[in-house]
């Protein structure tokens, strides 16, 4: 049996995915796009608002420890 290279193996996997998962590809693409949009919106809101852990850490730095 010949040794399959990386490119050949990748092509075979893509062909199998297209043949067997073709009906679900649009649904999977929509799901990925929605996840990316949620992730981007969370990053935008996260930059504007400090988290509770960050606020707690900054108050700990200000208080002297005995």
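Here each label is just a point 7 Å from Cα along the line to Cβ, and for residue 17 and residue 36 those points are 1.4 nm apart.
Computed from the C-beta positions of residue 27 and residue 4 and an R0 of 35 Å, the FRET efficiency is 0.70 to the nearest 0.05.
Throughout, read-outs are computed from the coordinates displayed, never taken from laboratory work. No experiment lies behind these values; they were computed from the predicted model shown. Don't worry about glycine lacking a Cβ; one is built from the backbone with ideal geometry, like all the others, and counts go over all protein chains shown.
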